[in-house]
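The values are calculated or read from the model by the stated rules, or taken from the named source; none is laboratory data. This structure is a prediction, so every number in the text was calculated from the model and none was measured. Cβ placement follows ideal geometry from the backbone for every residue including glycine, while neighbour counts extend to all protein chains displayed. Heads up: the accessible areas ignore ligands, DNA and RNA and are worked out on the full protein's heavy atoms, side chains in. Shrake-Rupley method; radii C 1.70, N 1.55, O 1.52, S 1.80 Å.
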Amino acid sequence: MRKVVASEYMALDGGMEAPENWVGQFWNEEHGKYARELLFASDALLIGRETYEGFAPAWSSRTAADDQPGEEGFVDRMNSLPKFVASRTLEEPLAWNATLIKGDVAEEVAKLKQQPGQDILIYGSGELVNTLMQHDLIDEYRIWLYPVVLGSGKRLFRDGSDTPVLRLTDTRTFSSGVVVLTYHPAGTEVEG
């Protein structure tokens, strides 16, 4: 069975809104290599409407020449992977090798998990992650914790949400001060 992996950029105060405004100052070759490994362990992207609307025009205009050191092949992989977009407002056809998830998103993601293949990777998409979290469909959380404080904005783990108990399974520290914390839902087996 495939795993759904949520890769989330988060500030020290839990904020995750508009990472394009605060992650760049920390990004380096270490980050690029790690991001590449995560992307290449996946053979599909699962994203929400807002993430799709930001990513599709930005990524589809990039070429292999835009790869940063350590990220060789990243742009081509990002653009070629099938994308599944969860939205109640978008209509088909979608661009950027994307398919609209129609109907019950939890049910459709459960079906995707049953198909053969590699991991299904989620970037950002907080609303989608919260929905899937409520249905126990997230198998792994990769929280990229950045040494910044936003002071406001959207949070991954929201007030009133039934946040699952998570178990820390790995920690990766970068020279920039960014730490990636890998969590699995408590009570699940971690493949080694």
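Could you tell me which residue out of N21, I101, G124 lies farthest along the dipole of the chain toward its positive end? Charges go on the beta carbon: Lys and Arg +1, Asp and Glu -1, centred on the Cα centre. Towards the positive end, the residue furthest out is I101. Taking amide H as placed 1.01 Å from N in the peptide plane, the amide H of I122 sits under 5 Å from that of V5, A6, S7, L46, each at least 5 places away or on another chain.
Annotation: lysines with alpha-carbon distance below 17 angstrom to K102 (same-chain offsets under eight excluded): K83, K111, K113.
The alpha carbons of the stretch 25-105 give a radius of gyration and a Dmax of 13.6, 40 Å, in that order.
Note on the chain: with charges restricted to the Cβ of Lys and Arg (+1) and Asp and Glu (-1), its dipole about the Cα centre is near 120 debye.
Where only DSSP H runs of four or more residues are counted, the chain gives -7500 deg cm²/dmol as its mean residue ellipticity at 222 nm, each run worth -39500 (n - 2.57). Here the stretch 40-129 is assigned +1 on the Cβ of each Lys and Arg and -1 on the Cβ of each Asp and Glu. Its dipole about the Cα centre then comes out at about 200 debye.
Coupling constants for the stretch 105-113 follow from the phi torsions by the Karplus curve (6.51 cos²θ - 1.76 cosθ + 1.60, θ = phi - 60°), and in residue order they are 4, 4, 5, 5, 5, 4, 5, 4, 5 Hz; glycine and proline get x. Springs join every pair of Cα atoms under 10 Å in this Gaussian network model of the chain, and among V85, V105, V149 the largest mean-square fluctuation is at V149. Quick one: grab the alpha carbon gyration tensor of the stretch 1-51, order the square roots of its eigenvalues as a ≥ b ≥ c, and give me rounded if a/c is under 1.5, else prolate or oblate depending on whether a/b is larger than b/c. Oblate, since a/c reaches 1.5 and b/c is not below a/b.
Based on alpha-carbon atoms, the Kirkwood radius and the radius of gyration of the stretch 41-154 give Rg/Rh equal to 0.97. Annotation: amide H-H contacts under 5 Å for L166 (H modelled 1.01 Å from N, sequence separation of 5 or more, or interchain): A186. Would you please state the base-10 log of I(q)/I(0) at q = 0.11, 0.12 1/Å for the chain, with intensities from the Debye formula using one equal scatterer on every alpha carbon? Summing over Cα pairs of the chain leads to -0.48, -0.58.
Please identify, among E29, E91, E127, the residue showing maximal mean-square fluctuation in a Gaussian network model of the chain using a 10 angstrom Cα cutoff. Sorting by GNM fluctuation, first place goes to E91. With all protein chains in place and a 1.4 Å probe, the accessible surface of the stretch 50-146 carries 48 percent carbon and sulfur. Our note on the geometry: Cα centres of the stretch 101-179 and the stretch 1-34, 11 Å apart.
Pick from L100, L168, L81 the residue whose mean-square fluctuation is largest in a GNM of the chain, springs joining Cα atoms under 10 Å. In this elastic network of the chain, the residue with the biggest mean-square fluctuation among L100, L168, L81 is L168. Of all DSSP beta bridges confined to the chain, the antiparallel ones make up roughly 35%. Each residue of the stretch 49-59 is assigned a 3J(HN,Hα), and the resulting list reads 4, 4, 5, 4, 5, x, 6, 3, x, 6, 7 Hz, derived from the Karplus form 6.51 cos²θ - 1.76 cosθ + 1.60 (θ = phi - 60°), x at Gly and Pro.
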